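Contents: one structure, followed by commentary.
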Amino acid sequence: MCGIVGALAERNVTAILLEGLKRLEYRGYDSAGLAVVNKDQQLQRRRAQGKVAEVEKRLEAEPMKGHLGVAHTRWATHGVPSEANAHPHLSSDELALVHNGIIENYLELKSRLTKAGYRFTSDTDTEVVAHLVHQLYQEKQDLTVAVEAAIQQLEGAYALAVIHQDQPQKLVCARKGSPLVIGVGMGEYFCASDPLALLQVTDRFIYLEEGDLATLTLDQHAILDRQGQAVEREICQWQHGNQAAEKGSYKHFMLKEIHEQPAVLAATLEGRLSDRRVLPQALGAKAMELLPRVKQVQIVACGTSYHAGMVARYWIEKLAGIPCQVEVASEYRYREVVVAENALFVTLSQSGETADTLAALRFAKEAGYLASLTICNVPGSSLVRESDMSLMTQAGPEIGVASTKAFTTQLTALLLLTLALRRAAQASNQDADDPLEAELVEALRALPRLAEETLQLDAEIEKLSEDFAEKHHALFLGRGSHFPIALEGALKLKEISYIHAEAYPAGELKHGPLALVDKEMPVIAVAPRDDLVDKLKSNLQEVRARGGELFVFADPVTLLEPEEGMQVLHLPEVHEVLAPILYTLPLQLLSYHVAVLKGTDVDQPRNLAKSVTVE
Ligand code: AGP
């Protein structure tokens, strides 16, 4: 949700800011802008509605240079996408501010500032912050002190970067509820919503904590914590290389990320398995002590991550014998929950910054859970920092708005957690051999290879996608732990191809959705080898009998073969417990190819953004 970049250097920073915006465009892409303080110590600004390319054109037509600047790519919350609402917002043409988040008391502040003589030129909540800081700067004559005083008055969430033309050696930034990192250069400093934006200029980062305010000058940084105390924060070295943020030879990030799955599944397993078991240290020392006490698991997440949690419920109850509940974070956080004794609270998130999930964690920390664990893809993210324990997926940066490799690595990590819970719950001797665990460990080792083989179906799936390009609706079916995979398939198709798609547990078909089935309704089913496959086959017959067109991804042993009205693609044989991970891949490829045929913006679908840091 919105991307921020700031830079202070001895060189011209316009190109750095622009490149940062391009790398952050996945966070929001309805308008963008930059402001710099030029050599005459004057603030200049260029903004445009639409993608970053539009502001780039504006810059080509009217170049500007400066060694201090801030920039922003927007995902609209208050006010339509337009140039007037694009950031940076200025106050008195002297101060420029960019913001990610939502200021909840902006109307109250706006009325006060209007009375004080400030004139508003946008419908955003952000502009009030620019005027508020400006008003306080008039009084304090120091940008850090003004920002510090202003944030005391803000209710809501923010990551901010602010510059003032009278203090051309200073970049001030602050965060509460929205992510912000400082990039540490050689005699230069940067800030951004995501380190990816700054990999062009540095690989050393400081992850600001909740309530931090940082003042950056050319050769030093100073950080105040939420109590206003000076603090030191660790400088972390970026470990993922720079290619992660590049598409390489792929046409889209989504396709690259789908094809990275064999490698990132292997990376997620690396160092976490021994010959016949999940290594006890895989989840950290704290987990070894806490997991034996767990009597219930509550999983909370949003979107695709929520679907991963739904699969985990089947695993945790079946394999570890522990009751497990799963809920979307936006519901959970506002509910009066009853917390069972010794319940483990688990959040799942690619970004680690999803506002609803983070709020649910904060709520849960007060609610009496035994402990909190996050399964997350971004080291140093808010969820990782605020949870008692973390298990990192090793997917590497995911840029496509549609989550792909983050989901399958989450599932892999969740299976590791399940096996750790199983051992903790079932074995009185923690070193005892467990033949089922050994079988699953072997199956996990084979997973990257099977994923590679499954991706070889790409050309056949691309062909299949031609049958979808003219369709307006689609139905996805699965049973058991594959019902969440059907949900995930439907989510992928709707978010990137804009085809209306729904998913049902196949047994529910006859309770209503069967009424929708005719030859215009493609029905996609996942049919792995499991106890429910014969029941699924009967459900597929119900569809065929109504003239529905079936597309089935099946294990060869199911004996499902292509026939009139039913296309079948066979996946490699896989252990039934791991099948949800593998059966996700063809659904990702199907959505991708349908979207490409329809000509939609695959990596940046309309109305969406990658990291949902607002409620
Ligand atoms: C899925 O393709 C979406 N990007 C979305 O549903 C996403 O999974 C959700 O917003 C949660 O994000 P998180 O995993 O970063 O918390």
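All of the numbers you see were taken from the coordinates with simple rules; none came from a lab. Model, not experiment: these values are computed from the prediction. Here Cβ is always computed from backbone atoms with ideal geometry, including for glycine, and neighbour counts include all displayed protein chains.
What is the magnitude of the charge dipole of the range 246-353 about its Cα centre, with +1 placed on the Cβ of each Lys and Arg, -1 on the Cβ of each Asp and Glu, and no other charges, expressed in debye to the nearest 20?
Charge dipole of the range 246-353: 200 debye, to the nearest 20.
For the range 83-123 and the range 228-272, what is the separation of their Cα centres, given in Å?
Each part reduced to its Cα centre gives a spacing of 36 Å.
Can you flag which of Lys22/Lys365; Lys519/Lys610; Lys110/Lys405; Lys176/Lys286; Lys51/Lys256 are past 31 Å Cα-Cα? Show your work: numbers first, answer last.
Numbers: Lys22/Lys365 37 Å; Lys519/Lys610 35 Å; Lys110/Lys405 43 Å; Lys176/Lys286 28 Å; Lys51/Lys256 22 Å.
Pairs exceeding 31 Å: Lys22/Lys365; Lys519/Lys610; Lys110/Lys405.
What do you get for trypsin sites (Lys or Arg not before Pro) in the range 158-256 restricted to DSSP loop and a cutoff of at most 12 other Cβ within 10 Å of the site's Cβ? Intermediate values should be presented prior to the final figure.
On the way: sites: Lys170, Arg175, Lys176, Arg204, Arg226, Arg233, Lys247, Lys251, Lys256; in loops: Lys170, Arg226, Arg233, Lys247, Lys251.
Those that pass, being in a loop and sparsely packed, are Lys251.
How far, in nm, would the chain grow between Ala222 and Ala446 when pulled straight, counting 0.36 nm per residue and subtracting the alpha carbon separation? Before the final figure, lay out the partial values.
Working: separation 224, 0.36 × 224 = 80.64 nm, distance 4.89 nm.
Gain on extension, Ala222 to Ala446, equals 75.8 nm.
Please state the relative contact order of the chain as a whole percent: Cα pairs under 8 Å, 6+ residues apart? Don't skip to the answer; put the middle values down first.
Numbers: 1394 pairs, mean separation 73.0, N = 615.
So the answer I get is 12 percent.
What is the calculated FRET efficiency for Glu341 to Gln281, with r their C-beta to C-beta distance and R₀ = 41 Å, to the nearest 0.05?
Working: r = 27 Å, r/R0 = 0.66.
The pair Glu341/Gln281 has a calculated efficiency of 0.90.
Nearest 20 debye, what's the magnitude of the dipole of the range 458-598 about its Cα centre given +1 on Lys and Arg Cβ and -1 on Asp and Glu Cβ? Present the calculation step by step, with values, prior to reporting the outcome.
Values: 13 positive and 23 negative charges, 74 e Å.
Around 360 debye, computed over the range 458-598.
With a 10 Å Cβ neighbour count serving as the proxy for reagent exposure, in which order, fewest first, do Asp203, Asp212 appear? Spell out each step's value before the answer.
Numbers: Asp203 17, Asp212 20.
Ascending number of Cβ neighbours within 10 Å: Asp203, Asp212.
How big is D for the range 3-238, in µm² s⁻¹ as a whole number, if Stokes-Einstein is applied with the Kirkwood radius of its Cα pairs at 25 °C and 0.890 mPa s?
For these conditions, the coefficient is 144 µm²/s.
What is the P(r) of the chain, as percent of Cα-Cα pairs per 10 Å bin from 0?
So the P(r) values, bin by bin, are 3, 17, 25, 24, 17, 10, 4, 0.
For Gln298, what is the net charge nearby, where nearby means another residue's Cβ is under 11 Å from its Cβ and Lys, Arg count +1, Asp, Glu -1?
Details: positive: Arg313; negative: Glu327.
After counting each charged neighbour, the total is 0.
Between Gln200 and Leu516, how many nm apart are label points set 7 Å from Cα along the C-beta direction?
4.3
Just to be sure I understand the model, the point goes 7 Å from the Cα along the line to the Cβ. What's the resulting Asp531 to Ala367 distance in nm?
Spacing of the two 7 Å Cα→Cβ label points: 3.0 nm.
How far is helix 355-365 tilted off the main Cα axis of the chain, in degrees rounded to 10, range 0 to 90?
Roughly 80 degrees between the two axes.
Would you please give the residues with an amide H less than 5 Å from that of Thr404, counting only those at least 5 places away or on a separate chain, with H modeled from the backbone geometry?
For Thr404, no residues qualify.
Loop only by DSSP, 12 or fewer other Cβ within 10 Å of the Cβ. Give me the chymotrypsin sites (Phe, Trp or Tyr not before Pro) in the range 253-354 that pass, ordered by residue number.
Working: sites: Phe253, Tyr306, Tyr314, Trp315, Tyr332, Tyr334, Phe345; in loops: Tyr334.
Listed in order of number, the matching sites are Tyr334.
Hey, what D do you get for the range 146-209 in µm²/s if you plug the Kirkwood alpha-carbon radius into Stokes-Einstein at 10 °C and 1.306 mPa s? Present the calculation step by step, with values, prior to reporting the outcome.
Values: Rh = 12.7 Å.
The diffusion coefficient I find is 125 µm²/s.
Could you tell me the distance between the Cα centroids of the range 558-593 and the range 1-52, to the nearest Å?
44
About the Cα centre, and with charges only on the beta carbon of Lys, Arg (+1) and Asp, Glu (-1), how big is the dipole of the range 126-248? Nearest 20 debye, please.
Dipole about the Cα centre, nearest 20: 140 debye.
Binning every alpha carbon pair distance of the range 458-598 at 10 Å from zero, what are the percents per bin?
Cα pair-distance distribution for the range 458-598, in percent: 13, 49, 35, 3.
For the range 69-154, state which trypsin sites (Lys or Arg not before Pro) are in a DSSP loop and have at most 13 other beta carbons lying within 10 Å of their beta carbon.
Values: sites: Arg74, Lys110, Arg112, Lys115, Arg119, Lys140; in loops: Arg119.
Here the trypsin sites (Lys or Arg not before Pro) that fit, given the DSSP loop and packing criteria, are Arg119.
Please work out the Cα center distance from the range 145-184 to the range 476-548, rounded to the nearest Å.
Taking the Cα centre of the range 476-548 as reference, the centre of the range 145-184 is 49 Å away.
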